[in-house]
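Here is the structure we will look at, set down as structure tokens.
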Amino acid sequence: MPSPPPSTPCLSLLLLLFISSLIGVSHGGGIAIYWGQNGKEGTLTSTCATGKYAYVNLAFLNKFGGGQTPQIDLAGHCDPTSGGCIRISNGIRSCQNRGIKVMLSLGGGDGSYTLASRADARNVANYLWNNFLGGTSSSRPLGDAVLDGIDFDIELRSTKYRSTKYWDDLARYLSDYSKQGKKVYLTAAPQCPYPDSSMGAALNTGLFDYVWIQFYNNPQCQYSSGDISKLTSSWSKWVASINARKMFVGLPASTAAAGSGYVPKKVLTSQILPVIKKSAKYGGIMLWSKYYDDKNGYSDSVKSSV
């Protein structure tokens, strides 16, 4: 006995699947933002209350390793030496209650951070666990809130402190703490030339959840004068080479936010995103920084397309 013909809903579903196969799958994403380097960018609580961001990186812990006493620098927001940054705990919890992941960013373009040995990496991991994550300490700089993870923004160019070794060990030690209960998310902001000169080995561990690649201040792999090819080619290389859960396109939020590499909003939404969103690893975009995003309204203009 012949089977009955497919019902109308079944035909509609088959047609939709066929059309999707022709046009390619487009993956949705979120926006990651760096907060902490300008006292005029608003509080952490107000940043998350905008509803624009899915991830916030607190920038930066820029002094650690090599026997140094670690120090966080949140610019004009608070003074950690007097305990003034403890109140940031309220902002962290407010963000997390909204489903936003909050990471402490290590490094940045200035500071005195390094890893001198594998034992040094272990010591730094232990410090981070006890002072910012799920451990305990009598002197937690940001108070008792437990951050979601650690962001690696290792780009120091000073020959005195620059270290290209042991970041992979730090990633492994931090990842091991996930076994104690709450997952420790690992994120990274490598420069777009592949492989990253400082974090290549660390990224090859496959332990990183989110990688927001800096497609700026690097002419060989960034957008320039209407040409998106260098950026998209570099993106393809990164996606094919790194085993990370999600990858993000890192961009300056305004022309003043970086020396070069600013992508006009329309170029991002109409030319770049349609290409990179085809990757199953696409996670969204990262912007430097909250202050410049406020000035230029970048996330407001592109959020619906991300």
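The values are calculated or read from the model by the stated rules, or taken from the named source; none is laboratory data. Everything quoted here is computed from the prediction, not taken from an experiment. Quick reminder, even Gly has a Cβ in these numbers, built from the backbone with ideal geometry, and neighbours come from all protein chains shown. We work out accessible area using only protein heavy atoms, side chains counted, and drop any ligands, DNA or RNA first. Shrake-Rupley method; radii C 1.70, N 1.55, O 1.52, S 1.80 Å.
Tell me, yes or no, whether the stretch 237-249 has at least one residue that is of a type in the set (A, V, I, L, M, F, W, C), farther than 25 Å from Arg118 by Cβ and open to solvent by 60 Å² or more (accessible area, probe 1.4 Å). Scanning the stretch 237-249 turns up at least one residue that is of a type in the set (A, V, I, L, M, F, W, C), farther than 25 Å from Arg118 by Cβ and open to solvent by 60 Å² or more (accessible area, probe 1.4 Å). On the stretch given as the stretch 101-127, residues that are surrounded by 17 or more Cβ atoms within 10 Å (Cβ to Cβ), among the hydroxyl-bearing types (Ser, Thr, Tyr) and not in a helix (DSSP H, G or I) total 3. Among the residues of the stretch 132-148, at least one is open to solvent by less than 10 Å² (accessible area, probe 1.4 Å), under 17 Å from the mean Cα position of the chain (by Cα), closer than 22 Å to Gln37 by Cα and not aromatic (Phe, Trp, Tyr). Just one of (1) of a type in the set (A, V, I, L, M); (2) in contact (Cβ under 8 Å) with a residue 40 or more places away in the chain; (3) within 21 Å of Ile92 (Cα to Cα); (4) outside any helix (DSSP H, G or I) fails for Leu156. It is (3).
Considered as a group, the residues in the stretch 181-204 that are open to solvent by less than 40 Å² (accessible area, probe 1.4 Å) and of a type in the set (S, T, N, Q) include one that is farthest from Leu170 (Cα to Cα), and that residue is Gln191.
Selection within the stretch 160-180: residues that are over 21 Å from Ala59 (Cα atoms) and basic (Lys, Arg). The member of this set that is least open to solvent (accessible area, probe 1.4 Å) is Arg172.
The set of residues from the stretch 205-226 being open to solvent by less than 60 Å² (accessible area, probe 1.4 Å) and over 25 Å from Asp169 (Cβ atoms) comprises Phe215, Tyr216, Asn218, Cys221, Gln222, Tyr223, Ser224, Gly226. Could you please find all residues in the stretch 59-84 being buried (at least 21 other Cβ atoms within 10 Å of the Cβ) and either touching a His at 6+ places or on another chain (Cβ under 9 Å) or under 14 Å from Trp35 (Cβ atoms) (or both)? Those that are buried (at least 21 other Cβ atoms within 10 Å of the Cβ) and either touching a His at 6+ places or on another chain (Cβ under 9 Å) or under 14 Å from Trp35 (Cβ atoms) (or both): Ala59, Phe60, Leu61, Ile72, Leu74, His77. When the stretch 187-198 is filtered for residues that are out of contact with any Ser or Thr (no Cβ under 6 Å at 6 or more places or on another chain) and at pLDDT 95 or above, the ones remaining, listed by number, are Thr187, Ala188, Ala189, Pro190, Gln191, Pro193, Tyr194, Pro195, Asp196. Comparison of Lys266, Lys278, Lys303, Lys237 shows that the only residue that is charged (D, E, K, R) and under 21 Å from Tyr55 (Cα atoms) is Lys303.
Note on the stretch 164-271: enclosed helices (runs of 4 or more DSSP H) holding 2 or more residues that are of a type in the set (Val, Ile, Thr) are 229-241. No other residue among Ser139, Ser163, Ser158, Ser175 is more than 15 Å from Tyr113 (Cβ to Cβ) and at pLDDT below 95 apart from Ser139. Listed by first and then second residue, the pairs linking a residue in the stretch 69-91 that is closer than 13 Å to Phe132 by Cβ to a residue that is of a type in the set (Phe, Trp, Tyr), with Cβ atoms under 7 Å apart and 6 or more places separating them unless they lie on different chains, are Pro70/Phe64; Pro70/Tyr127. Contact map, the stretch 33-49: residues that are of a type in the set (D, E, K, R) paired with residues that are at pLDDT 95 or above, Cβ distance under 8 Å, separation 6+ or inter-chain. Pairs shown: Lys40/Tyr291; Glu41/Trp35; Glu41/Thr47; Glu41/Ser289; Glu41/Lys290; Glu41/Tyr291; Glu41/Asp294.
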